[in-house]
Amino acid sequence: MSWVTENWQLKLLAGVLSFGLFVAVAFQQNPVVTRTIRDVPVSYENYPSDVELINAPAKQNVTIYGLASSVTNVTGTNLQVKVDLSKVKPGLQVLTATVKPLVQGVSVTQDHVSFSASVEDRVTKQLPVEARTTPAPGWQVTKATVTVTNPSNKTGPAVTVSAPQSFFEGLTAYVTFGPVSANTTVPNLPIHYERGGKEIQLPNNAVPQPTADAVTAELTIEASKPKQTINVPVVETPTGSPASGYRITAITIAPLFIDVSGSADDLSKLDSVTLPPIAVDGATQTITRAIRVSTLPANTSSSVAQVTVTITIQKNPAVSPSPGPTP
């Protein structure tokens, strides 16, 4: 065994150098490297049902290290970033996430990361959904009814929203449709949200995600053409002829002009109202009659139900013979 102990120092040195050379060659082929994995999903767990986490990051960059062969194929799905929300309260909070790899041979440079987020009360409210309609030219909307159907098949004029309390400040929900030119029912109109005249969306930066029990609504519209009023003259044309030797000298109507109401289309060709004719056959004196205004066009009306017509009949004036020529 003397050959084992003989020059043992040199043999030990040779062994150490050989092992060092082996390690150097091995690490040259598969070195230890670091790598930053971007946008690793952050998991929020155990959050109370009555609070909302605002502006909390949905993703986090994580730096890992290990042998190149182990690190190269690591993705965000191989890492876990988890936050326990069981003890959060409303207000500004500093949250700590636990970071760990889910594969062997990989380590993280930081196993905990901290960040700030706001916590608000989670509120559930019923928001009435307004109907916003645009009439077509010549039309007016007389009634608009919104019907919201939620997943439980309950219907009503409101949508139920669960979101951070601040989201409801000055908030309005509505559906819109136009142009309207007839009675109609429009299904599946998207429900919009508005604050201060600007359209907004349900917050996408809150945990848990805000919800609405419906995203569309049905809109039932009743519409008509608005009435207009014009002032037109009344016309009377008698029939027949007075007795021989008499004639009509005047026709007086009171009132001479009346207001007629109707749609723009129905009034477009109306320039006067002609009364039923009064017969003057054989008349020898003035005739005064109360005549109903019954000859208006269809779909029109007048606040004047009748007018007074006076037909003045006078005897023809006597005609003196022309004098003959002076001798």
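The values are calculated or read from the model by the stated rules, or taken from the named source; none is laboratory data. Nothing here was measured: the structure is a model prediction, and the numbers come from that model. Glycine gets a Cβ as well: all are built from the backbone with ideal geometry, and neighbour counts include every protein chain shown. Heads up: the accessible areas ignore ligands, DNA and RNA and are worked out on the full protein's heavy atoms, side chains in. Shrake-Rupley method; radii C 1.70, N 1.55, O 1.52, S 1.80 Å.
Which numbered condition trips up GLY91, out of (1) within 38 Å of the chain's Cα centre (by Cα); (2) exposed (fewer than 15 other Cβ atoms within 10 Å of the Cβ); (3) touching a residue at least 40 places away in the same chain (Cβ under 8 Å)?
Only one criterion is unmet by GLY91, namely (3).
Taking GLY15, is it modelled with pLDDT under 90, open to solvent by less than 100 Å² (accessible area, probe 1.4 Å) and not basic (Lys, Arg)?
It is true that GLY15 is modelled with pLDDT under 90, open to solvent by less than 100 Å² (accessible area, probe 1.4 Å) and not basic (Lys, Arg).
Being under 16 Å from the mean Cα position of the chain (by Cα), part of a loop (DSSP other than H, G, I, E, B) and either surrounded by 13 or more Cβ atoms within 10 Å (Cβ to Cβ) or touching a residue at least 40 places away in the same chain (Cβ under 8 Å) (or both) is the filter here, so list the residues in segment 126-171 that pass it.
If the condition is that a residue be under 16 Å from the mean Cα position of the chain (by Cα), part of a loop (DSSP other than H, G, I, E, B) and either surrounded by 13 or more Cβ atoms within 10 Å (Cβ to Cβ) or touching a residue at least 40 places away in the same chain (Cβ under 8 Å) (or both), then PRO157 is the only one that fits.
Give me a count of the residues in segment 94-125 that are free of Cβ contacts under 8 Å to residues at least 24 places away in the same chain, under 38 Å from the mean Cα position of the chain (by Cα) and either outside any strand (DSSP E or B) or surrounded by 13 or more Cβ atoms within 10 Å (Cβ to Cβ) (or both).
Residues that pass the stated criteria total 0.
Just checking: which of the strands (runs of 3 or more DSSP E) contained wholly in segment 216-278 hold 1 or more residues that are aromatic (Phe, Trp, Tyr)?
246-254, 257-263
Checking LYS227 against (1) of a type in the set (Lys, Arg); (2) more than 30 Å from GLN140 (Cα to Cα); (3) surrounded by 13 or more Cβ atoms within 10 Å (Cβ to Cβ): exactly one of these is not met. Which one?
(2)
Looking at (1) modelled with pLDDT of 90 or more; (2) of a type in the set (Gly, Ala, Ser); (3) exposed (fewer than 14 other Cβ atoms within 10 Å of the Cβ), which one does ALA318 not meet, given that it meets all the others?
The number of the failed condition is (1).
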